[in-house]
Amino acid sequence: MPNTETVRRQRAIGGAMGVAVLGFALFYHFFPQLLHVEPGQTATRTPTRSQPTTMGFDQRPTGAAQAVASEVDAGPPLVLAPAAVIAARRREKNTEVQLPPQATPDSPEFTALLDRGDKALAADRLVGGKDSAAALYAAALKEKADSQRALSGMDEIRARLVAEIEQDIALGDADAARDSLSALKALPNSAKDVQPLQQQLAVLDKVRPLLTTAATQLQAGRASQPRGDSALDTYRQVLQLDPQNAVAIQGVGQVQHVVLDQALAAVAQSDFAAADTALAEAAAIEPGSQALQDTRGRIEGMRRQSGAAMLAQARSALDGGNVELAQQLAAKAQQTSPDLAGIDDFNERVTNAKLYASYKPGQLFSDRFVDSTGQAPPMVVVPTGKFMMGSPDGETGHDTDEAPAHEVEMAKGYAMARSAITIGQFRDFVRATGYVPQSQTLGGGSVYDEQSGGLRDDPSATWQDDYAGKPGQDRLPVINISWNDAKAYADWLSQRTGKVYRLPSEAEFEYALRGGTTTRFWWGDGVPSSHVENLTGGNDRSGSGRRWSNAFNAYKDGYWGPAPVMSFSPNPYGLYDMGGNVSEWVADCWHDNYIRAPRTAEAWVNPGCSRRVVRGGSWGSAPDMVRSAYRQGASADVRSARVGFRVAREL
């Protein structure tokens with residue numbers, strides 16, 4: 001019999017053409033979330049682990065180390081751990097069987113034989129060949145049947161083989177499981193282990209084609225219908241054979257999600273009867289699931305908000321400049337729901353609309369240069385209103401520098417750049433003025449180091465580079481820009497256009513970032529359900545396979561560093577990349593909290609301050625650092641691969 005190492009090598013080469021690889025490919029295609037909830041390398045039983053390293057910039061000045069984003073390969077699930085590790089875990093949980101005392105001591109020659117067996121076991125040469133651990137321990141037991149070292153070694157070989165077989169079964173590799181099972185049968189005292197493994201293998205042979213069928217049905221749109229020929233029917237058939245089958249359990253959940261999506265789609269069309277039918281069908285699939293409860297709650301809320309929908313139409317009419325229609329819709333909405341929340345605020349907005357001059361909330365415009373060809377970046381008009389700035393005490397991730405939460409009134413209209421300023425836009429400024437950014441005058445910035453998984457200082461890095469120190473594309477957000485560089489750019493736009501351009505205040509930035517929301521993030525309180533921002537996603541990977549240790553679970557945006565601007569969804573105010581991609585400088589000086597902070601949109605500035613505020617999350621920020629209320633301070637001359645800026649314009 002070949003040794004363990006040879007068998008594994010043969011499996012790795014031949015497995016690409018085997019049924020196991022086909023099953024795994026289908027499993028990966030249809031259920032990627034199962035593979036990425038606890039992602040890890042599955043090509044080897046011994047994963048490589050690296051130590052976490054902090055990314056540097058997103059540390060709070062006060063040193064909240066637990067909130068710092070870091071990259072670390074956190075390792076695969078236990079089922080993919082080395083067999084020796086699984087065997088050791090089981091020994092911790094089970095009471096060890098005491099071996100009978102050894103009658104006579106070991107001779108030097110016998111000890112040498114045992115040492116060879118121990119060495120083979122340590123090298124994972126379990127079976128196959130005269131130099132395998134099994135063969136050497138067997139020779140020792142033939143000579144001395146009560147040798148405790150040999151008996152313990154045989155027990156360890158059996159435990160590891162059992163673990164390997166269970167791993168192969170869990171991964172659907174029936175051929176590998178059979179090979180290892182044959183080796184296990186050849187060992188003494190293995191009958192009690194062989195029988196349950198044979199039963200598991202028999203079940204695997206039955207469920208594998210069913211899982212393939214279910215995946216095909218799901219892809220073909222036959223999630224729960226027609227009855228008798230749907231993925232749900234097939235998954236339930238699998239669970240009858242194997243009640244603990246993780247793929248089938250996940251598949252049933254995915255079918256329910258499909259049905260729940262149908263319910264939400266019906267509500268979007270105001271078809272509440274169809275939504276009720278879909279909810280009833282989903283309840284029959286998994287009555288107590290959290291997804292069902294959440295969706296039911298959402299739909300019930302939508303029912304209560306049916307009156308508010310009319311008010312939303314009124315807001316749209318007002319945003320479109322049709323004040324008369326807006327007032328008619330608002331009156332009808334109030335008739336539908338006399339105590340309708342927000343009606344007073346809406347009437348106030350009608351008054352505030354006069355503050356936008358010739359513009360309307362949400363309008364996109366771009367000022368032309370008055371003394372040369374060219375134009376300023378596209379700007380979006382931000383609506384006036386009020387909001388609670390900061391985070392409440394109970395918010396997850398809340399910090400004292402975000403308190404006290406306080407109401408801020410945006411009484412005057414302003415416009416915000418639609419996206420962060422790009423390398424191309426900043427290059428136009430440098431060429432036109434001869435300005436030398438501080439990445440050149442002060443010597444470099446920071447770049448991402450793939451080897452260490454963190455940011456490092458690089459004296460050669462400039463604003464023209466990407467996050468890894470390579471020449472950056474024009475559509476990438478400009479990084480390694482100091483606060484002073486950002487202000488110089490805004491001043492230049494003011495000179496060129498005759499309008500007042502500046503860095504936004506901290507209040508203006510948070511107000512625009514939230515986009516009228518009060519949740520932790522502008523898209524909600526948890527992991528986004530669509531590609532809303534360039535964030536640290538649990539399913540994102542760097543060029544060498546690194547992943548984020550503190551990230552949005554199961555989220556993937558396809559970028560490890562900054563993405564070209566406007567690659568993702570705008571927020572409710574039509575602004576891109578406010579919560580992700582790169583963090584951004586604002587005009588304010590850094591203060592440790594909001595005590596005595598302005599209750600207006602103005603920047604909170606102390607003359608001569610050297611430390612400024614950075615807002616918004618970045619491509620490398622932990623989830624808590626992407627919250628709408630999160631803030632951090634940095635010296636005005638800091639250059640970071642995570643920080644850029646955008647401009648505001650007074651109306």
Exercise for the section: Please work out which residue is nearest to VAL408 (Cα to Cα), limiting yourself to the range 501-525 and to residues that are of a type in the set (A, V, I, L, M) and out of contact with any Leu (no Cβ under 9 Å at 6 or more places or on another chain). Expected result: ALA507
Problem - Qualifying residue in the range 509-525 (condition: assigned to a loop (DSSP other than H, G, I, E, B), in contact with a helix residue (DSSP H, G or I) (Cβ under 8 Å, 6 or more places away or on another chain) and assigned by TED's automatic domain parsing to the domain that holds ASN606) - result: yes
Exercise for the section: Return a yes/no flag: does the range 576-598 have any residue that is on the phi < 0 side of the Ramachandran plot, at pLDDT below 95 and over 17 Å from the mean Cα position of the chain (by Cα). Expected result: no
Practice task
Quick one: in the range 366-420, of everything that is within 21 Å of VAL647 (Cα to Cα) and of a type in the set (S, T, N, Q), which residue is surrounded by the most Cβ atoms within 10 Å (Cβ to Cβ)?
Solution key: SER419
Exercise for the section: May I ask you to list the residues in the range 113-127 that are surrounded by fewer than 20 Cβ atoms within 10 Å (Cβ to Cβ) and of a type in the set (Gly, Ala, Ser)? Expected result: ALA122, ALA123
Handout entry: Which listed residue is under 24 Å from GLY524 (Cβ atoms) and either surrounded by 13 or more Cβ atoms within 10 Å (Cβ to Cβ) or touching a residue at least 60 places away in the same chain (Cβ under 8 Å) (or both), from ALA326, ALA333, ALA278
Key = ALA278
Practice task
Output the residues belonging to the range 570-590 that are assigned to a loop (DSSP other than H, G, I, E, B) and either under 19 Å from VAL643 (Cβ atoms) or without any contact (Cβ under 8 Å) to a residue 40 or more places away in the chain (or both).
Solution key: LEU575, ASP577, MET578, GLY579, GLY580, ASN581, VAL582, TRP590
Exercise for the section: Using the structure shown, decide if ALA248 is closer than 30 Å to GLY516 by Cα, surrounded by 14 or more Cβ atoms within 10 Å (Cβ to Cβ) and aliphatic (A, V, I, L, M). Expected result: no
Practice task
Would you check if there is a residue in the range 282-305 being of a type in the set (Ser, Thr, Tyr), in a helix (DSSP H, G or I) and free of Cβ contacts under 8 Å to residues at least 24 places away in the same chain?
Solution key: no
Handout entry: Condition met for LEU141 (assigned by TED's automatic domain parsing to the domain that holds ASP179, closer than 18 Å to LYS185 by Cα and under 44 Å from the mean Cα position of the chain (by Cα))
Key = no
Handout entry: Residue in the range 516-525 that is touching a residue at least 60 places away in the same chain (Cβ under 8 Å) and farther than 13 Å from ARG627 by Cβ present
Key = yes
Handout entry: Residue match in the range 577-585 (condition: surrounded by fewer than 22 Cβ atoms within 10 Å (Cβ to Cβ) and either outside the structural domain of LYS412 (by TED's automatic domain parsing) or not acidic (Asp, Glu) (or both))
Key = no
Handout entry: Long-range neighbours under 9 Å by Cβ, at least six apart or interchain, first residue acidic (Asp, Glu) within the range 535-552, second not in a strand (DSSP E or B)
Key = ASP540/ARG547; ASP540/ALA551; ASP540/TYR555; ASP540/LYS556; ASP540/ASP557; ASP540/GLY558; ASP540/TYR559; ASP540/TRP560
Practice task
Please give the number of the condition VAL436 fails out of (1) among the aliphatic types (A, V, I, L, M); (2) crowded, with 20+ Cβ neighbours inside 10 Å; (3) without any contact (Cβ under 8 Å) to a residue 12 or more places away in the chain.
Solution key: (2)
Exercise for the section: Within the range 486-500, identify whether any single residue is assigned to a loop (DSSP other than H, G, I, E, B), out of contact with any Leu (no Cβ under 8 Å at 6 or more places or on another chain), within 23 Å of TRP604 (Cβ to Cβ) and assigned by TED's automatic domain parsing to the domain that holds LYS386, and answer yes or no. Expected result: yes
Completion exercise
Matching residues in the range 187-211 (buried (at least 17 other Cβ atoms within 10 Å of the Cβ) and either basic (Lys, Arg) or in contact (Cβ under 8 Å) with a residue 60 or more places away in the chain (or both)) number 3
Handout entry: Subset of the range 559-568 (residues that are touching a residue at least 40 places away in the same chain (Cβ under 8 Å) and farther than 18 Å from MET625 by Cβ)
Key = PRO564, VAL565, MET566
Completion exercise
Within the range 298-345, of all residues that are in contact with a Gly (Cβ under 8 Å, 6 or more places away or on another chain) and of a type in the set (Ser, Thr, Tyr), the one modelled with the lowest pLDDT is THR336
Exercise for the section: Out of ALA248, ALA268, ALA273, report the one residue that is at pLDDT below 90 and in contact with a Phe, Trp or Tyr (Cβ under 7 Å, 6 or more places away or on another chain). Expected result: ALA248
Practice task
Tally the residues that are within 16 Å of the chain's Cα centre (by Cα), assigned to a loop (DSSP other than H, G, I, E, B) and within 20 Å of TYR448 (Cα to Cα), restricting the search to the range 546-569.
Solution key: 13
Exercise for the section: Check whether at least one residue in the range 608-624 is over 30 Å from SER542 (Cα atoms) and buried (at least 24 other Cβ atoms within 10 Å of the Cβ), and report yes or no. Expected result: yes
Completion exercise
The correct count of residues that are surrounded by 18 or more Cβ atoms within 10 Å (Cβ to Cβ), under 30 Å from the mean Cα position of the chain (by Cα) and assigned to a loop (DSSP other than H, G, I, E, B) in the range 212-245 is 4
Handout entry: Residue check, GLU348 at pLDDT 95 or above, outside any loop (DSSP other than H, G, I, E, B) and either out of contact with any helix residue (DSSP H, G or I) (no Cβ under 8 Å at 6 or more places or on another chain) or not hydrophobic (A, V, I, L, M, F, W, C) (or both)
Key = no
Exercise for the section: Kindly indicate whether any position in the range 616-629 is among the acidic types (Asp, Glu), part of a loop (DSSP other than H, G, I, E, B) and touching a residue at least 12 places away in the same chain (Cβ under 8 Å). Expected result: no
Problem - Condition check for ALA278: at pLDDT 85 or above and at negative phi - result: yes
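The values are calculated or read from the model by the stated rules, or taken from the named source; none is laboratory data. Not measured: the values here are computed from a predicted model. When we count neighbours, we look across all protein chains shown, and the Cβ atoms used for this are built from the backbone with ideal geometry, even at glycine.
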